[in-house]
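Structure first, commentary second.
The values are calculated or read from the model by the stated rules, or taken from the named source; none is laboratory data. Model, not experiment: these values are computed from the prediction. Cβ coordinates were reconstructed from backbone atoms using ideal geometry, including for glycine residues, and neighbour counts include every protein chain displayed. Accessible surface is based on the protein model in full, side chains and every heavy atom, while ligands, DNA and RNA are left aside. Shrake-Rupley method; radii C 1.70, N 1.55, O 1.52, S 1.80 Å.
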Amino acid sequence: MQRESGPVLQVESLTKRFRSVTAVQDLSFTVEPGRVTGFLGPNGSGKTTTLRCLLGLVRPTSGRALVGGVPYAQLPAPVHAVGAALEASGFHPGRSARNHLRVVAAAASLPDTRADEVLEVVGLTDAGRRRVVEYSLGMRQRLALATALLGDPGALILDEPANGLDPEGIAWLRTHLRERAARGVTVLVSSHVLSEVQQTVDDVVIVSRGALVHAGPLSGLSSAGGVRVTVRSPDADRLLPSLLATAGVSAVPRGDGAVVITGLDAAEVGHLAFLAGCEIHELSVEADALERVFLDLTGGTP
Amino acid sequence: MTPSMRALLAAEWRKVTTTKMLWVLGLIAIGYSAMQTVMLTLIASGKLPGVPAQGELLLDPDYITTLLSQAGTAATFVLILGIIAMTGEFRHMTITSTFLAAPRRSRVLVAKMLLYGLLGAALAVITMTVVLIAAIASLAPFEHAPITVSVFTTVLAGAVIGMTLYAILGVSIGSVITNQVAAIVTALLWVLLVEALVGLAFPSVARWLPRGALNSAMNVGLTTDVSGGMTQADNLPAWGGVLVLLAYAVVFAALASRTTLRRDIT
Ligand SMILES: Nc1ncnc2c1ncn2[C@@H]1O[C@H](COP(=O)(O)OP(=O)(O)O)[C@@H](O)[C@H]1O
Ligand SMILES: [Mg+2]
């Protein structure tokens, strides 16, 4: 099912200070419809604050955050335009999941049957009449997601949606978000671990300490930080000069006959070795390249 | 279209009916008021051990209005109901989904005030009915001044208007003090300590406070004085009591709209 493409999300020179804490600092980025964008950064880097600004829950100190060109509060039908699941968004413990959804449905003038439909989508049909106090973290995440889907929105804004989900749930979420994006929905998903969303996202927006450090397609991330290729050869001394002859390449001998190279991919390193007539004992690409680049960019530990 | 007031009222009604708060507080309010009425009859009749009979009190028409206006006790619970309506949203962070569905926050505030005002009025009618039954039943064995329709309707009118405004006041207080415990403790300290003490020591000041204004609106005949006896109440005129309550509601609603509408929801 094709739908009209969702709204563009724009964050423009956004700054938010809470008394002495600067949570977000002069942050600008754009999120396009029809793609899944990962909003990444370590804990405390300002992701939740930015999303809450986009949703009109937090008032920016300066700058603005727009949905389809307007502030959230001016959207004519907010629940239909944007579905949001925020970290620490709450449910009344004594209310059932179904009743929680029916409250939101009533406010959005949606029929009660929508509540049952979204419960089905997230796999909570059987638990829907139970009080939320009995729910596990993963079930709450599913309910938050169900709430976001209620208005079949053009944009989805999900804050750390994978937290507390079992692997099966994460896999399901991945497929679901990809399907929505393929139908033209704008999808923005935050996470503090890249590996969690690596297989889901098309674009990444990376923040650290409230400021932007990188924005662009996921494929551009490795070149942004440089994937490391390790080559081990008894002829490392001969290989090194030919590697360094290429502009923009760094090659650092590691002592055990291995050289760590950035700026070339494995095939290029293999080709140079072949030309130089070097015997190769190992040629490997670092396994967690993206994660390391992510950590380098954000200057932190996960 | 942004959520219509009708949609917001429907959502608020859903919130009320899907938790137990209204039933619990409502039942306590009604039961407590009826119990107060019966207690007052028993005290005056001298049927309580150790309490001398004050039979002539039961013949005083003012004592009858006093018995009936024990329904005013329910107002404190209505106030707390209104407080919980708002602070509960912050306590459980449902305020996030509430404001996501209705980003024009003033409309949420208005919807809550309308609905809880109506609930306050309904609770006043039910409480007054139960209190009337309690008064008739407990007075039956004794000689007493008549409970006339006009006495009952006067007290009823004051109770309905008063509890409507108390509920609205509660919603406003909950919007200003969003911490549920802090808001309820503040309200209870006010009712049980400040208003009670001022009522004993400075009755002429107390009538300008919410409970005094409510009592004025209900035309309460007698109040407890410093010695523990009953004296003629120092009331405002009923319309004056209503106006004073209205003034409190308006001032707090203005405060509420200034705070709730600007607050960061994090
Ligand atoms: N309501 C608030 N009051 C004060 N500081 C806050 C508030 N909300 C967030 N912060 C601070 O802002 C920074 C960014 O927080 P947050 O946006 O939650 O980051 P993230 O979602 O990336 O973990 C943190 O230092 C946090 O402590
Ligand atoms: Mg966060």
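Summary table
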quantity	calculated
Given (1) of a type in the set (A, V, I, L, M); (2) within 22 Å of residue B:64 (Cα to Cα); (3) surrounded by 19 or more Cβ atoms within 10 Å (Cβ to Cβ); (4) without any contact (Cβ under 8 Å) to a residue 40 or more places away in the chain, index of the condition residue B:244 fails	(2)
Residue match in region A:59-72 (condition: open to solvent by 20 Å² or more (accessible area, probe 1.4 Å), among the aliphatic types (A, V, I, L, M) and modelled with pLDDT under 95)	no
Residues satisfying the stated conditions in region A:190-212, i.e. more than 14 Å from ligand 1 (Cβ to nearest atom), assigned to a loop (DSSP other than H, G, I, E, B) and aliphatic (A, V, I, L, M)	A:201
Index of the failed condition, residue A:76 passing every other in (1) surrounded by fewer than 18 Cβ atoms within 10 Å (Cβ to Cβ); (2) under 27 Å from the mean Cα position of the chain (by Cα); (3) within 8 Å of chain B (Cβ to nearest Cβ)	(2)
Subset tally (residues that are part of a strand (DSSP E or B) and within 16 Å of ligand 1 (Cβ to nearest atom)) for region A:141-159	3
Residue in region A:14-27 that is free of Cβ contacts under 8 Å to residues at least 24 places away in the same chain and hydroxyl-bearing (Ser, Thr, Tyr) present	yes
Complete set of residues in region A:111-124 that are open to solvent by less than 10 Å² (accessible area, probe 1.4 Å) and either in contact with a strand residue (DSSP E or B) (Cβ under 6 Å, 6 or more places away or on another chain) or away from chain B (no Cβ under 14 Å) (or both)	A:119, A:122, A:124
Selection from region B:160-194 of residues that are in contact with a Pro (Cβ under 8 Å, 6 or more places away or on another chain) and either of a type outside the set (Ser, Thr, Tyr) or not in a helix (DSSP H, G or I) (or both)	B:169
First in region A:37-52 and within 14 Å of chain B (Cβ to nearest Cβ), second anywhere and more than 7 Å from ligand 1 (Cβ to nearest atom) and open to solvent by 10 Å² or more (accessible area, probe 1.4 Å), Cβ under 6 Å, 6 or more apart	A:49/A:16
Single residue of region A:79-94 satisfying the filter (assigned to a helix (DSSP H, G or I) and more than 7 Å from every other protein chain (Cβ to nearest Cβ)) that is surrounded by the most Cβ atoms within 10 Å (Cβ to Cβ)	A:81
Single residue of A:23, A:97, A:108 found to be within 14 Å of chain B (Cβ to nearest Cβ) and within 21 Å of the chain's Cα centre (by Cα)	A:23
Subset tally (residues that are farther than 22 Å from residue B:173 by Cβ and within 22 Å of the chain's Cα centre (by Cα)) for region B:95-131	6
Helices (runs of 4 or more DSSP H) fully within region B:1-119 counting 1 or more residues that are within 12 Å of another protein chain (Cβ to nearest Cβ) and surrounded by 16 or more Cβ atoms within 10 Å (Cβ to Cβ)	B:5-17, B:21-45, B:73-91, B:95-101
Answer residue from region A:160-171, given it is in a helix (DSSP H, G or I) and in contact (Cβ under 8 Å) with a residue 12 or more places away in the chain and is least open to solvent (accessible area, probe 1.4 Å) among those	A:169
Members of region A:125-148 that are under 25 Å from residue B:7 (Cβ atoms) and crowded, with 21+ Cβ neighbours inside 10 Å	A:143, A:144, A:145, A:146, A:147, A:148
